[in-house]
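Novice: The structure under discussion is supplied below as C-alpha cells; questions concerning it will follow.
The values are calculated or read from the model by the stated rules, or taken from the named source; none is laboratory data. Because the structure is predicted, anything quoted here is derived from the model rather than measured. FYI the Cβ positions are ideal-geometry reconstructions off the backbone, even for glycines, and counts take in every protein chain you see. To get the accessible areas, we keep the full protein, side chains included, count just its heavy atoms, and leave off ligands, DNA and RNA. Shrake-Rupley method; radii C 1.70, N 1.55, O 1.52, S 1.80 Å.
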Amino acid sequence: MVRHRKIGNAHQKHGNNNDTSSSSGSSESSITKKTFKILSLWKTIVGFTCFMIAVYVGTLGYLETRVNTPFDDEKVVSDSGLSVPERYWGTYRPGVYMGMKSREPRSPVFGLMWYELSAASHKGIRHWCDQNDNLASYGWLRHDGVTFGEQLMVDQPHNITTSFVKTPGGEHGGHWTVRINVTANGNAKVPFMLIWYGALDESLGPAAPHSRLWVEHGAILGHTPQLRNFRVTFVPYKGRLLHTSYSEAYAPGLHLLKEKLYSLLKVERHSTFGRLAVLSPDAELNDEEKDVNFVPFQMLVETPFVLDVVYATEDLPAPPLKGDEYTRVLEQKKSSFDAEFEDKFQLAAKGYSEEDIAIARAAMSNMIGGIGYFYGAGRVRSQYTREPVPYWRAPLYTAVPSRSFFPRGFLWDEGFHGLLIGSWSPEIQMDIAAHWLDLINVEGWIPREQILGAEALARVPKEFVVQSNAAANPPILLMQLARQARRRPELFEPHGPLRPALDRMFPRLQAWYQWFQSSQKGEEPTSYRWRGREDDGMQLNPKTLASGLDDYPRASHPSEAERHVDLRCWLYAAADSMAYLARLLHRDPTRFEVTRDQLADEELLNELHWSPHTQTYADYGLHTDGVRLVRQPPKHPGESPRVVRSVTVPPQLKLVTSAFGYVSLFPMLLKVLRPESDKLGKILQDLDKPDLLWSPYGLRSLSKSSPLYMKRNTEHDPPYWRGQVWVNVNFLALSALRHYAAAAGPHAARAAALHAGLRQNLVRNILSEYKRTGYLWEQYSSEDGKGSGCRPFTGWTALVTLIMAEEY
Ligand SMILES: *[C@@H]1O[C@H](CO)[C@@H](O)[C@H](O)[C@H]1NC(C)=O
Ligand SMILES: *[C@@H]1O[C@H](CO)[C@@H](O)[C@H](O)[C@H]1NC(C)=O
C-alpha cells in the first residue's frame with residue numbers, strides 16, 4: 001500500500017522537526033526572555049512551516065500515487081486462466097487476421113500470415129488486420145465465443161477460410177485445430193504462400209528457461225509452466241504442398257514478428273519457380289543472450305488447398321481433430337450455432353431472408369470473434385503527477401470496436417458491445433464487465449482507453465496513449481449490467497449463477513458512480529460538466545473526448561460555467577441503474593433513488609437546459625457561433641503557415657442552441673422525460689424533419705441547419721460527429737421510442753410510428769452497405785448512406801443484430 005507509506009513519511013518528518021526544536025530549547029538560560037520569545041516564536045514559525053511543507057510534500061506524494069492505486073476491495077475476476085477451461089484458448093488476438101492465444105498473461109501466441117507468389121503482386125505479407133491491405137471483405141461468419149468459429153477473408157483472387165474447433169479436457173487447456181482453406185477464382189491451380197508461427201510473449205521479461213519453443217520432425221514443439229508440453233503439427237488435407245521451410249528465431253517483440261519474418265527470408269533457386277524466398281537460420285541467435293521465441297513455418301501450396309493446424313497437449317489422450325472428422329464436427333457446430341442464433345433472435349420468424357440473417361450472424365460473430373485477451377499496464381496521469389505513470393499490470397478480456405483500426409478496449413464502446421454479447425452469452429459478458437471493473441482505481445476512475453501489451457501499444461498514436469483521471473466516459477457499462485439483470489432475473493437471484501460476481505461488482509460500481517457525481521459536477525446544483533476540454537486556439541470547437549462524441553459542437557469557449565445536458569442525462573440513467581441493482585442485491589437504494597428523482601425533475605432540467613426560444617434542450621456555456629478557421633501567415637521566415645481559429649463575435653454565456661443534434665435529444669434518448677411531457681412531444685414532433693436530423697439512413701448526429709454541420713474541426717480533422725449517422729445513438733433512440741410507444745401517453749402513437757420508420761431506415765441501409773462493400777462501418781453518411789470512417793467496425797454497428805430482433 002504505497003499511499004500508507006507516504007503518509008508515514010510525512011508524519012516522521014514532522015516528528016524530527018519537533019525533536020530539533022525541543023533540544024535547542026534547553027539553552028534557555030543563556031538568552032534574555034525577549035530574545036527567547038522572539039526565537040521561540042521564530043522557531044514555532046519555522047517548525048510550523050516545516051510541518052506544513054512536510055504535510056504538503058506528503059500529501060502530494062499521496063495524491064500522486066492515488067491515480068494508479070487499485071480500488072481496495074476483493075477483485076471481481078475470481079477465476080481466470082486454466083480455472084475457466086472453456087474460455088482458456090481462443091481467437092484472443094483481434095488485431096491479426098487469424099491468431100490463437102490463451103487467457104494467460106504470458107500465453108504463447110500462434111498466428112497466420114500469407115502472401116502471393118506472383119511477381120506482379122506487390123501486396124506484401126498479410127498479418128495484422130490493416131485497412132490498407134484492401135481486402136474485399138473479412139470477418140467471422142460464425143463464432144460462439146467458446147468452442148468454434150469460422151471466418152472468410154476475401155483477398156482477391158483468393159478466398160481464405162479459417163475455422164477452429166476446440167477439444168476440451170485434461171488439466172492443461174485441451175486441444176484445438178485451426179483449418180485454413182484457400183481457394184482461387186475459377187479454381188485455378190495458383191501457388192500461394194502460407195505461414196503459421198508460434199511465438200512467446202516476452203513483454204514481461206524473458207520466457208526462458210520456463211517457456212520454450214523449438215522445431216522437431218516438422219512440428220512446432222513447446223513447453224510452458226501452464227500448458228506443459230505441447231505440439232503443433234501441420235496436416236495437409238486437400239491439395240498439394242510444394243515446399244516447406246522454417247526457422248527458429250529470436251524476435252524483439254510480438255509487435256515486430258512480420259519485420260523479423262522479412263529478415264529471415266532468403267532467395268534460393270527452385271526447379272519450378274526459378275527463385276523462391278525461403279526461411280533461413282537466424283543469425284541473431286549467435287548472440288548467447290538470445291533464445292528462440294519465434295518459430296515460423298512457411299508452406300508453398302497450390303490452391304485449392306486445405307491445411308489443418310493441430311495443437312495437442314500431452315495430457316489429453318483423446319486424439320485431436322483433423323481431416324474428415326474435423327469437417328464433420330465443424331458442420332455440426334455450424335448448424336447448432338445457426339439454430340441457437342435463431343432461437344435467441346428469431347430473425348427467420350420475423351421474415352428476414354437467409355442472406356440478411358447471414359449478415360446479422362456475421363455482425364454478431366465478428367464482435368464475439370473480436371474479443372481479445374490483453375495484459376499489461378497502461379499509462380496515466382493526474383494533476384498531481386509530473387510525468388505520466390504506469391497503471392498496474394492487469395488482464396483485460398474485452399471486445400474491440402474495430403479489428404483493424406481500434407483493436408483494443410474502449411470503456412463506453414464496451415457498454416454497447418455488452419448489450420449484444422450479453423444477449424448471446426450472459427456469462428461471457430459478465431466476465432468482460434468483471435475485467436473492466438477490476439481496472440477501477442481507488443478514486444473510482446476507470447481509464448477510458450486500454451492500451452495493454454506491445455502489440456496494442458504499437459498501433460496507437462503517441463498522443464492518445466496517456467489517460468487522464470479527469471476524463472470520464474459515459475457509464476453505459478453500468479446501465480448494461482442493470483439491463484441484463486432486468487432481462488434475465490433468474491441468473492441474478494440469490495442462488496443464481498451470476499449473483500456472486502454481481503455482488504462483488506457492487507462496491508466498484510458504487511465507487512464509479514460516486515466518482516462521476518463528485519468529479520464531473522457543474523457550478524449550478526444538479527448540473528454536470530465533462531472535464532478535459534482544452535482550447536488550443538486551433539480547433540473550430542474544442543473537442544469533448546470524454547463525452548464519447550468527440551467533436552460534437554459544444555460551447556465554443558470551454559469554461560467552468562459550462563454544463564452538459566447529455567452528461568446530466570447519463571447520470572440520471574446511472575442513478576436509476578444503481579437504484580435497481582441496489583434493490584436487487586438487498587442494499588440500501590435510497591440515495592440513488594433520491595438522485596434519480598431529482599435528476600428526473602423536469603422543472604429543474606428545464607431551468608438548466610431548455611430554451612423557450614428555440615424549444616429545444618441544449619448545453620450551456622460561453623459560446624459564439626462567430627468562429628472560423630483561417631490560414632495564418634508565418635510569424636518568422638521559414639515557418640509554414642498555420643490554420644488557426646479566428647473569433648469574429650465575442651462569446652457570451654448562453655444556451656448552445658445552434659448545435660442541434662444528438663445532445664439535444666438526450667432527455668428523450670435516456671428516458672428522462674415522462675411519457676406525458678410536452679417537451680417530449682416537441683422532440684418527437686421535430687424528429688422526422690429531413691432538414692434537421694432525419695435521413696433515409698438513420699438519425700444524423702448534427703442538424704443540417706447547425707453552423708458546424710459537416711465542418712472540419714482543424715486543418716487535419718475532418719468532421720466526425722457533425723452530421724454522420726452513428727448506430728449506437730440510433731440504438732438508444734429506438735430503445736427510447738419503443739419505451740414511449742409502450743407507455744400510455746399522448747405521444748405513444750407518434751413514438752411508435754417513428755420507431756418503425758427509423759428501424760427500417762437503419763436496417764435497410766446497414767445491410768445494403770454490407771452487401772455493396774463487404775463490411776459494417778464505423779458510421780454512415782446521412783447524404784447517401786455510404787459507410788465511412790473505419791472498417792470493419794463490428795463494435796456498436798453490430799447492434800444492427802439487436803435492432804433486427806427488436807431487442808433493446
Ligand atoms: C474449402 O472452401 C471451398 C470454397 O468455400 C469449399 O467449397 C470447400 O468445401 C472447402 N473445403 C473444406 C475441406 O472445407
Ligand atoms: C469468395 O467469396 C465470395 C464471397 O462469399 C464469393 O462470392 C466468391 O465466389 C468466392 N470465391 C472463391 C474463389 O471461392
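Novice: Could you list all residues from region 140-158 that are part of a loop (DSSP other than H, G, I, E, B), more than 9 Å from ligand 2 (Cβ to nearest atom) and either open to solvent by 20 Å² or more (accessible area, probe 1.4 Å) or without any contact (Cβ under 8 Å) to a residue 40 or more places away in the chain (or both)?
Specialist: At the first step, the residues of region 140-158 found to be part of a loop (DSSP other than H, G, I, E, B) are 144-147, 156-157.
Pick out the ones that are also more than 9 Å from ligand 2 (Cβ to nearest atom) and you get 144-147.
Across region 140-158, the qualifying residues are ASP144, VAL146, THR147.
Novice: Failed condition for GLU116, given (1) within 15 Å of ligand 1 (Cβ to nearest atom); (2) at pLDDT below 95, with all others met?
Specialist: Here GLU116 meets the rest and fails (1).
Novice: In region 532-552, what count of residues is obtained for those that are open to solvent by 50 Å² or more (accessible area, probe 1.4 Å), in contact (Cβ under 8 Å) with a residue 24 or more places away in the chain and either over 19 Å from the mean Cα position of the chain (by Cα) or under 18 Å from VAL647 (Cα atoms) (or both)? Walk me through it before giving the result.
Specialist: Of all residues in region 532-552, those open to solvent by 50 Å² or more (accessible area, probe 1.4 Å) come to 532, 534-536, 538, 543, 545.
Keeping just the survivors that are in contact (Cβ under 8 Å) with a residue 24 or more places away in the chain gives 532, 534, 538, 543, 545.
Still in the running and either over 19 Å from the mean Cα position of the chain (by Cα) or under 18 Å from VAL647 (Cα atoms) (or both): 532, 534, 538, 543.
Total satisfying the criteria: 4.
Novice: Does any residue of region 595-607 turn out to be at pLDDT 95 or above, more than 33 Å from the chain's Cα centre (by Cα) and open to solvent by less than 40 Å² (accessible area, probe 1.4 Å)?
Specialist: Going residue by residue through region 595-607, those that are at pLDDT 95 or above are 595-607.
In the following step, the residues that additionally are more than 33 Å from the chain's Cα centre (by Cα) were identified as 601-604, 606-607.
Among the residues that remain, those that are also open to solvent by less than 40 Å² (accessible area, probe 1.4 Å) are: 602, 606.
For region 595-607, residues at pLDDT 95 or above, more than 33 Å from the chain's Cα centre (by Cα) and open to solvent by less than 40 Å² (accessible area, probe 1.4 Å): present.
Novice: Among the candidates SER137, SER118, single out the residue that is surrounded by fewer than 19 Cβ atoms within 10 Å (Cβ to Cβ) and closer than 28 Å to LEU420 by Cβ. Show your work before the answer.
Specialist: Numbers: SER118 fails: closer than 28 Å to LEU420 by Cβ.
Of the residues listed, the single one that is surrounded by fewer than 19 Cβ atoms within 10 Å (Cβ to Cβ) and closer than 28 Å to LEU420 by Cβ is SER137.
Novice: Looking at ALA358 and the list (1) open to solvent by 30 Å² or more (accessible area, probe 1.4 Å); (2) in a loop (DSSP other than H, G, I, E, B); (3) among the hydrophobic types (A, V, I, L, M, F, W, C), which single condition is not satisfied?
Specialist: (2)
Novice: Can you find a residue in region 188-209 that is farther than 17 Å from LEU112 by Cα, touching a His at 6+ places or on another chain (Cβ under 7 Å) and basic (Lys, Arg)?
Specialist: no
Novice: Of LEU307, LEU279, which residue is in contact with a Pro (Cβ under 9 Å, 6 or more places away or on another chain), without any contact (Cβ under 8 Å) to a residue 60 or more places away in the chain, open to solvent by less than 50 Å² (accessible area, probe 1.4 Å) and closer than 30 Å to ARG212 by Cα? Walk me through how you get there before you give the answer.
Specialist: On the way: LEU307 fails: without any contact (Cβ under 8 Å) to a residue 60 or more places away in the chain.
Answer to the selection: LEU279.
Novice: Here's another thing I want to ask about it. For ASP356, state whether it is among the acidic types (Asp, Glu) and at pLDDT below 95. Explain how you work it out, then say what you get.
Specialist: Details: among the acidic types (Asp, Glu): yes; at pLDDT below 95: no.
It is false that ASP356 is among the acidic types (Asp, Glu) and at pLDDT below 95.
Novice: If we scan region 188-200, do we find a residue that is open to solvent by 60 Å² or more (accessible area, probe 1.4 Å), assigned to a strand (DSSP E or B) and within 16 Å of ligand 1 (Cβ to nearest atom)? Write out each step before concluding.
Specialist: Filtering region 188-200 for residues open to solvent by 60 Å² or more (accessible area, probe 1.4 Å) gives 189.
Of the ones still in play, those that are also assigned to a strand (DSSP E or B) are none.
There is no residue in region 188-200 that is open to solvent by 60 Å² or more (accessible area, probe 1.4 Å), assigned to a strand (DSSP E or B) and within 16 Å of ligand 1 (Cβ to nearest atom).
Novice: Let me ask something else about it. Taking region 705-735 only, how many residues are in a helix (DSSP H, G or I) and either of a type in the set (Asp, Glu) or open to solvent by less than 10 Å² (accessible area, probe 1.4 Å) (or both)?
Specialist: 7
Novice: Mind listing whichever residues of region 183-197 are within 9 Å of ligand 2 (Cβ to nearest atom) and modelled with pLDDT of 90 or more?
Specialist: Of everything in region 183-197, those that are within 9 Å of ligand 2 (Cβ to nearest atom) and modelled with pLDDT of 90 or more turn out to be THR183, ALA184.
Novice: Could you list, in sequence order, all residues of region 597-631 that are among the polar types (S, T, N, Q) and touching a Pro at 6+ places or on another chain (Cβ under 6 Å)?
Specialist: Here is the first cut: in region 597-631, the residues among the polar types (S, T, N, Q) are 598, 606, 611, 614-616, 624.
Answer for region 597-631, where residues must be among the polar types (S, T, N, Q) and touching a Pro at 6+ places or on another chain (Cβ under 6 Å): just THR624.
Novice: Confirm whether GLY170 is open to solvent by 40 Å² or more (accessible area, probe 1.4 Å), at pLDDT below 95 and either more than 15 Å from ligand 1 (Cβ to nearest atom) or out of contact with any strand residue (DSSP E or B) (no Cβ under 9 Å at 6 or more places or on another chain) (or both). Break it down into steps so the answer makes sense when it comes.
Specialist: Numbers: open to solvent by 40 Å² or more (accessible area, probe 1.4 Å): yes; at pLDDT below 95: yes; either more than 15 Å from ligand 1 (Cβ to nearest atom) or out of contact with any strand residue (DSSP E or B) (no Cβ under 9 Å at 6 or more places or on another chain) (or both): yes.
So GLY170 fits the description; yes.
Novice: When only residues in region 784-799 that are within 17 Å of LEU699 (Cβ to Cβ) and in a loop (DSSP other than H, G, I, E, B) count, which is least open to solvent (accessible area, probe 1.4 Å)? Quick ask: steps written out before the conclusion?
Specialist: Initial filter on region 784-799 (within 17 Å of LEU699 (Cβ to Cβ)): 784-789, 796-797, 799.
Keeping just the survivors that are in a loop (DSSP other than H, G, I, E, B) gives 784-786, 789.
Numbers: ASP784: 77, GLY785: 0, LYS786: 97, GLY789: 47 Å².
Restricting to residues being within 17 Å of LEU699 (Cβ to Cβ) and in a loop (DSSP other than H, G, I, E, B), the top hit is GLY785.
Novice: Are any residues in region 37-53 among the aliphatic types (A, V, I, L, M) and modelled with pLDDT under 75, and if so, which ones?
Specialist: Here is the first cut: in region 37-53, the ones among the aliphatic types (A, V, I, L, M) are 38-39, 41, 45-46, 52-53.
ILE38, LEU39, LEU41, listed by residue number.
Novice: Same structure, new question: Consider ASP343 carefully, then state whether it is under 23 Å from TYR808 (Cα atoms) and open to solvent by 20 Å² or more (accessible area, probe 1.4 Å). Explain how you work it out, then say what you get.
Specialist: Numbers: under 23 Å from TYR808 (Cα atoms): yes; open to solvent by 20 Å² or more (accessible area, probe 1.4 Å): yes.
Criteria met by ASP343.
Novice: For region 159-166, indicate whether the set of residues that are within 16 Å of ligand 2 (Cβ to nearest atom), in a strand (DSSP E or B) and open to solvent by 20 Å² or more (accessible area, probe 1.4 Å) is non-empty. Show your work before the answer.
Specialist: We begin by selecting, within region 159-166, every residue within 16 Å of ligand 2 (Cβ to nearest atom); these are 159-163.
After this cut, where a residue has to be in a strand (DSSP E or B) as well, the list is 159-163.
Remaining after also requiring open to solvent by 20 Å² or more (accessible area, probe 1.4 Å): 159, 161.
Among the residues of region 159-166, at least one is within 16 Å of ligand 2 (Cβ to nearest atom), in a strand (DSSP E or B) and open to solvent by 20 Å² or more (accessible area, probe 1.4 Å), which makes the answer yes.
Novice: Among the numbered conditions (1) assigned to a helix (DSSP H, G or I); (2) crowded, with 16+ Cβ neighbours inside 10 Å; (3) under 33 Å from the mean Cα position of the chain (by Cα), tell me where SER335 comes up short.
Specialist: (2)
Novice: Give just the number: which of (1) in contact with a helix residue (DSSP H, G or I) (Cβ under 7 Å, 6 or more places away or on another chain); (2) farther than 30 Å from VAL76 by Cβ does GLU560 not satisfy?
Specialist: (1)
Novice: Now for a separate question. Please verify whether region 211-230 includes one or more residues that are among the aliphatic types (A, V, I, L, M) and either modelled with pLDDT under 95 or within 16 Å of ligand 2 (Cβ to nearest atom) (or both). Walk me through it before giving the result.
Specialist: Filtering region 211-230 for residues among the aliphatic types (A, V, I, L, M) gives 213, 215, 219-221, 227.
Of the ones still in play, those that are also either modelled with pLDDT under 95 or within 16 Å of ligand 2 (Cβ to nearest atom) (or both) are none.
Within region 211-230, none of the residues are among the aliphatic types (A, V, I, L, M) and either modelled with pLDDT under 95 or within 16 Å of ligand 2 (Cβ to nearest atom) (or both).
Novice: Could you list all residues from region 770-783 that are within 16 Å of ligand 2 (Cβ to nearest atom) and either crowded, with 17+ Cβ neighbours inside 10 Å or not in a helix (DSSP H, G or I) (or both)? Show your work before the answer.
Specialist: In the first step, residues of region 770-783 are kept if they are within 16 Å of ligand 2 (Cβ to nearest atom); the result is 770-776.
Matches in region 770-783: TYR770, GLY774, TYR775, LEU776.
Novice: Now for a different question. So the check is Cβ under 6 Å with 6+ separation or different chains; which pairs have a first residue in region 226-250 that's over 27 Å from THR303 (Cβ atoms) and a second one that's of a type in the set (Lys, Arg)?
Specialist: TYR250/LYS290
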